[in-house]
Amino acid sequence: MGSLELRPLGNTGLKVSSVGFGASPLGNVFGAVCDEEAIASVREAFRLGINFFDTSPYYGGTLSEKVLGKCLKAVGVPRNEFIVSTKCGRYIEGFDFSAERVTKSIDESLARLQLDYVDILQCHDIEFGSLDQIVNETLPALQKLKDSGKVRFIGITGLPLGIFTYVLDRVPPGTVDVILSYCHYGINDSTLEDLLPYLKSKGVGVISASPLAMGLLTESGPPEWHPASPELKAACKAAATYCKEKGKNISKLAMQYSLSNKDISSILVGMNSVRQVEENVAAAKELAAVGKDDKTLLEIEELLKPVKNQTWPSGIQQG
Ligand code: NAD
């Protein structure tokens with residue numbers, strides 16, 4: 001089969017692999033991972049054509065950034081051949097989107113990542129802060145970091161889709177290069193789709209994370225902290241069991257569902273083993289070669305219909 005697809009990311013000029021490496025599991029967010037397995041996973045990711053890695057100081061209380069930095073160094077790929085995004089404003093101690101904090105934050109992240117610059121710096125889960133502060137204080141501070149060369153591009157992330165329009169409607173074009181949405185472009189929730197034409201009109205690159213709905217669409221199920229309702233968890237579990245009985249893998253189907261929309265530049269999936277890297281890249285290559293398994297996908301969508309687009313609250317009341 002051919003190589004993993006690269007897709008343009010908005011107006012950045014970057015070309016990101018359609019499967020992106022979500023490094024939150026390297027912060028032991030989904031269970032403990034040893035350094036050897038982490039390094040082997042990142043090495044395998046590069047070998048299979050993944051060039052995009054996403055982390056945050058929040059994941060594992062800075063552990064994800066440290067482990068990713070160690071892995072990138074160990075694997076030794078030239079710096080201009082990979083794209084790293086990290087975040088600011090969300091920390092294990094809490095949220096702080098002040099200009100002072102985010103300006104300090106990038107230096108801390110670069111030290112942990114052992115890098116001179118990151119390709120993308122994103123305000124992490126902005127629905128927990130004041131969106132007006134993001135517009136008036138945080139993004140101007142990030143612009144200064146861009147001017148300094150520590151950051152190439154700027155992004156915003158979060159769960160409620162309304163945060164993206166709120167911010168993008170209030171900043172000059174080119175202020176926000178990318179948005180990262182999660183849990184809104186997968187089999188059980190595809191609400192990001194309606195926002196794609198707007199994002200395109202704003203020239204903003206789109207990254208969609210959590211194609212497996214943070215573990216809901218896996219055979220082993222979600223972690224203890226998962227915020228979904230018991231009803232949504234039960235429906236996804238039933239769908240996973242249904243697939244297994246038919247000899248299908250729900251995670252593969254979920255990856256292929258998310259990857260099939262080319263207006264989304266990269267699907268960030270959290271990975272902590274060589275096997276998961278291989279499976280997720282294989283899912284992408286199979287999709288490119290023979291298309292997705294529409295019959296089984298329709299059956300699962302039918303099973304998930306009662307919970308379709310069900311989400312959970314995130315953040316503070318804005319206004
Ligand atoms: P996900 O939907 O990608 O699921 C990750 C879980 O699925 C992990 O337990 C992982 O080990 C497992 N998994 C991966 N491949 C598998 C496979 N082939 N078979 C079975 N299980 C598999 O959720 P996620 O990790 O939360 O999201 C992906 C990444 O996106 C994160 O690591 C992070 O980098 C980013 N993200 C960002 C935000 C944000 O900025 N607010 C939010 C969510 C995710």
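The values are calculated or read from the model by the stated rules, or taken from the named source; none is laboratory data. This structure is a prediction, so every number in the text was calculated from the model and none was measured. When we count neighbours, we look across all protein chains shown, and the Cβ atoms used for this are built from the backbone with ideal geometry, even at glycine. Remember, those area values only see protein heavy atoms, side chains included, never the ligands or the DNA or RNA. Shrake-Rupley method; radii C 1.70, N 1.55, O 1.52, S 1.80 Å.
In region 190-216, which residues are assigned to a loop (DSSP other than H, G, I, E, B) and either within 7 Å of the ligand (Cβ to nearest atom) or surrounded by fewer than 21 Cβ atoms within 10 Å (Cβ to Cβ) (or both)?
The first filter runs over region 190-216 and keeps only residues assigned to a loop (DSSP other than H, G, I, E, B), leaving 190, 202-204, 210-212, 216.
If the condition is that a residue be assigned to a loop (DSSP other than H, G, I, E, B) and either within 7 Å of the ligand (Cβ to nearest atom) or surrounded by fewer than 21 Cβ atoms within 10 Å (Cβ to Cβ) (or both), then 190, 202, 203, 210, 211, 212 are the ones that fit.
Mind checking which residues of region 221-248 are out of contact with any helix residue (DSSP H, G or I) (no Cβ under 8 Å at 6 or more places or on another chain), modelled with pLDDT under 95 and under 16 Å from residue 210 (Cβ atoms)?
225
Which condition from (1) within 16 Å of the ligand (Cβ to nearest atom); (2) β-branched (Val, Ile, Thr); (3) more than 24 Å from residue 180 (Cβ to Cβ) is the one that residue 290 breaks?
Going through the list (1) within 16 Å of the ligand (Cβ to nearest atom); (2) β-branched (Val, Ile, Thr); (3) more than 24 Å from residue 180 (Cβ to Cβ), residue 290 breaks only (1).
Just to be sure I understand, how many residues within region 235-255 are outside any helix (DSSP H, G or I) and away from the ligand (no atom under 12 Å from the Cβ)?
Start the filter on region 235-255 by keeping residues that are outside any helix (DSSP H, G or I), which leaves 246-249.
Applying the additional criterion that residues be away from the ligand (no atom under 12 Å from the Cβ) yields 246-248.
So the answer is 3.
Pick out, from region 3-48, the strands (runs of 3 or more DSSP E) lying fully within it that include 1 or more residues that are among the hydroxyl-bearing types (Ser, Thr, Tyr) and surrounded by 21 or more Cβ atoms within 10 Å (Cβ to Cβ). Please lay out each step first, then the result.
Values: elements: 6-8, 15-17, 19-22.
Hits in region 3-48: 15-17.
Looking only at residues that are of a type in the set (S, T, N, Q) and under 24 Å from residue 277 (Cα atoms) in region 224-255, which one is surrounded by the most Cβ atoms within 10 Å (Cβ to Cβ)?
Narrowing region 224-255 to residues of a type in the set (S, T, N, Q): 229, 241, 249, 251.
When the remaining residues are screened for being under 24 Å from residue 277 (Cα atoms), the result is 241, 249, 251.
Working: 241: 13, 249: 17, 251: 22.
My answer is 251.
What is the residue count in region 278-298 for residues that are in a loop (DSSP other than H, G, I, E, B) and either open to solvent by 60 Å² or more (accessible area, probe 1.4 Å) or in contact (Cβ under 8 Å) with a residue 12 or more places away in the chain (or both)? Before the answer, list the steps.
Narrowing region 278-298 to residues in a loop (DSSP other than H, G, I, E, B): 291-293.
Pick out the ones that are also either open to solvent by 60 Å² or more (accessible area, probe 1.4 Å) or in contact (Cβ under 8 Å) with a residue 12 or more places away in the chain (or both) and you get 292-293.
Residues in region 278-298 being in a loop (DSSP other than H, G, I, E, B) and either open to solvent by 60 Å² or more (accessible area, probe 1.4 Å) or in contact (Cβ under 8 Å) with a residue 12 or more places away in the chain (or both): 2 in total.
Does region 256-277 hold any residues that are open to solvent by 10 Å² or more (accessible area, probe 1.4 Å) and assigned to a helix (DSSP H, G or I), and which are they?
Of everything in region 256-277, those that are open to solvent by 10 Å² or more (accessible area, probe 1.4 Å) and assigned to a helix (DSSP H, G or I) turn out to be 257, 274, 275, 276.
Just to be sure I understand the filter: pairs with C-beta atoms under 7 Å, separated by 6 or more residues or on different chains, first member in region 159-182 and farther than 27 Å from residue 21 by Cβ, second member of a type in the set (Phe, Trp, Tyr) and at pLDDT 95 or above. Which pairs pass?
The qualifying pairs are 165/198.
Assess whether residue 301 counts as being part of a helix (DSSP H, G or I), touching a residue at least 24 places away in the same chain (Cβ under 8 Å) and touching a Lys or Arg at 6+ places or on another chain (Cβ under 9 Å). Give the derivation first.
Details: part of a helix (DSSP H, G or I): yes; touching a residue at least 24 places away in the same chain (Cβ under 8 Å): yes; touching a Lys or Arg at 6+ places or on another chain (Cβ under 9 Å): yes.
For residue 301, the condition - part of a helix (DSSP H, G or I), touching a residue at least 24 places away in the same chain (Cβ under 8 Å) and touching a Lys or Arg at 6+ places or on another chain (Cβ under 9 Å) - is met.
Residues of region 183-208 being touching a residue at least 60 places away in the same chain (Cβ under 8 Å), of a type in the set (Gly, Ala, Ser) and over 23 Å from residue 307 (Cα atoms), which ones?
203, 205
Answer yes or no: is there a residue in region 88-98 that is in contact with a helix residue (DSSP H, G or I) (Cβ under 9 Å, 6 or more places away or on another chain), in contact (Cβ under 8 Å) with a residue 60 or more places away in the chain and buried (at least 24 other Cβ atoms within 10 Å of the Cβ).
no
Which residues, counting only those in region 19-37, are touching a Leu at 6+ places or on another chain (Cβ under 8 Å) and either modelled with pLDDT under 95 or more than 14 Å from the ligand (Cβ to nearest atom) (or both)? Spell out how you get there, then give the answer.
Applying the first criterion (touching a Leu at 6+ places or on another chain (Cβ under 8 Å)) to region 19-37 yields 19-23, 26-28, 33.
Of everything in region 19-37, those that are touching a Leu at 6+ places or on another chain (Cβ under 8 Å) and either modelled with pLDDT under 95 or more than 14 Å from the ligand (Cβ to nearest atom) (or both) turn out to be 26, 27, 28, 33.
Could you list, in sequence order, all residues of region 110-150 that are within 16 Å of the ligand (Cβ to nearest atom), buried (at least 21 other Cβ atoms within 10 Å of the Cβ) and over 28 Å from residue 317 (Cα atoms)?
Of everything in region 110-150, those that are within 16 Å of the ligand (Cβ to nearest atom), buried (at least 21 other Cβ atoms within 10 Å of the Cβ) and over 28 Å from residue 317 (Cα atoms) turn out to be 113, 118, 119.
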